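The values are calculated or read from the model by the stated rules, or taken from the named source; none is laboratory data. Remember, it's a predicted structure, so these values are computed and weren't measured experimentally. Cβ coordinates were reconstructed from backbone atoms using ideal geometry, including for glycine residues, and neighbour counts include every protein chain displayed. Heads up: the accessible areas ignore ligands, DNA and RNA and are worked out on the full protein's heavy atoms, side chains in. Shrake-Rupley method; radii C 1.70, N 1.55, O 1.52, S 1.80 Å.
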Amino acid sequence: MTAIAENKPAYDGQVLDLSGKSGARAFKNTLATVLIVLAFVIAMIPLLWILITVIGKGYHLLLNADWWSQSQRGITVRRAGGGAYHAIMGTLIMSLITAVIAVPIAVLGAIYLVEYGKGTRAAKIVSFMIDILTGVPSIVAALFVYAVWITVFGFNRVGFAVSLSLVLLMLPVVLRSTEEMLKLVPDELREASYALGVPKWKTILKVVVPTAFGGIVTGVMLGLARVMGETAPLLILVGYSKNINLNPFSGFMGALPTMINQDRTELALPNAADRVWAAALTLILLVLVLNVLARLVARFSAVKSK
């Protein structure tokens, strides 16, 4: 009994010490939570500010059916009217061509890095070059394509040349995101497939890629959002046209970024300012719609466990 009585105060003291440490941890946890939420709010302020400003100043033209069905042919900066059909179609066509070229190369490159090239010299070279492309400014990519497409081969300034420069910008985004998604696929799925005698290429095609499909689609949409708003390649590689031109291999083409650039110097004129804000809002909506469609495709194409 004496020994117990002697030890009891020390035990009580330990309990008090632990309570103090627990209280300090709770305070640090609460402080970290507050700081994280505060950082999130601060990051959201400029985003919401931009969205509210663009929507407030550009929505009224989008409510007019002519905006979606007519071009700016014959419309001067001082006149109202016309639409953005030529710019919307030009943006979609050049972005589609970019995706058709960049996505297969990026996905196959990511598959090579993850499934075949681990630790090889070739994989290190590919990874190093992708890191370089990630930091290349859009104007540098446009000047490179200009030097090859126009200066060396003598072709004209056309929409397809813009797509080639955008490929250089989209490729590293899609490849890196696809690479990370493939790395997240559990090795147990690969090993189970190999144990059943399935070849490696078929395992990748039927097991690995479908498992990571949702993340791959997200990466593709991030890449498209990255390139759809680029202006430098459009200014250098194709001229802006107010007419409707759906042929990327001939003539100038309209695009939403260059439509914005066309009227930005005349923002003092109400009609020009309205078109600038409406074109900016249209570009945001295009990216939003493409993201929603991609999410739906990824959701219904995902591998479902039975």
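Return one whole number: the accessible area per residue of the chain in Å², for a 1.4 Å probe.
On a per-residue basis, 58 Å².
Not counting the cut sites, what is the longest span of the chain without chymotrypsin sites (Phe, Trp or Tyr not before Pro) that DSSP labels loop and that have at most 12 other Cβ atoms within 10 Å?
Maximal segment without exposed cleavage sites: 1-152.
Which of the trypsin sites (Lys or Arg not before Pro) found in region 142-240 are loop residues per DSSP with 13 or fewer other Cβ atoms within 10 Å of their Cβ?
Sites meeting the loop and neighbour criteria: none at all.
What list of ³J(HN,Hα) couplings, whole Hz, do you get for region 236-244 from phi and the Karplus terms 6.51, -1.76, 1.60, once you set θ to phi - 60° and write x for glycine and proline?
My calculation for region 236-244 gives 8, 9, 8, x, 7, 10, 7, 8, 7 Hz in order.
If each residue of separation counts as 0.36 nm, what is the full-extension length gain between residue 136 and residue 65 once their alpha-carbon separation is subtracted?
This chain segment gains 21.6 nm when fully extended.
Using Cα springs under 10 Å in a Gaussian network model of the chain, which residue among 119, 109, 214 shows the largest mean-square fluctuation?
119
For labels at residue 38 and residue 297 in the simple 7 Å Cα→Cβ model, what's the distance in nm?
Taking the two extended label points, one gets 4.3 nm.
How far apart, in nm, are the 7 Å Cα→Cβ label points at residue 77 and residue 188?
Once both label points are built, they end up 6.4 nm from each other.
Accessible area of region 24-63 with a 1.4 Å probe: how many percent of it is carbon plus sulfur?
83 percent
Of 187, 274, 263, which has the most accessible area and how do the rest follow, probe 1.4 Å?
From most accessible down to least: 187, 274, 263.
Identify the trypsin sites (Lys or Arg not before Pro) of region 48-86 meeting these criteria: DSSP loop state and at most 10 other C-beta atoms within 10 Å of the C-beta.
Within region 48-86, the qualifying trypsin sites (Lys or Arg not before Pro) (loop, at most 10 other Cβ atoms within 10 Å) are 78.
So who's got an amide H within less than 5 Å of the one on residue 245, skipping anything under 5 residues away but keeping other chains? H placed 1.01 Å off N, in plane.
Under 5 Å from the amide H of residue 245: 254.
Would you look at the GNM of the chain, springs on alpha carbons closer than 10 Å, and say which of 192, 141, 84 moves the most?
192
Among 56, 215, 229, determine the one that fluctuates most according to a GNM of the chain built with springs between C-alpha atoms less than 10 Å apart.
The residue with the greatest mean-square fluctuation here is 56.
Which helices pass in the chain if a helix is a full DSSP H run, must span at least 30 angstrom along its long axis by Cα, and must have mean Kyte-Doolittle hydropathy not below 1.6?
Helices meeting the criterion: 85-111.
Starting from 0.36 nm per residue, how many nanometres of slack lie between residue 144 and residue 231 once their C-alpha separation is accounted for?
Net length gain for the segment: 29.8 nm.
Once each part is reduced to its C-alpha centroid, what is the distance from region 105-155 to region 176-237 in angstrom?
17 Å
Pulled fully out, how much extra length does the chain show between residue 246 and residue 222, if you take 0.36 nm times their separation in residues and subtract their Cα-Cα distance?
So the chain would gain 6.2 nm between residue 246 and residue 222.
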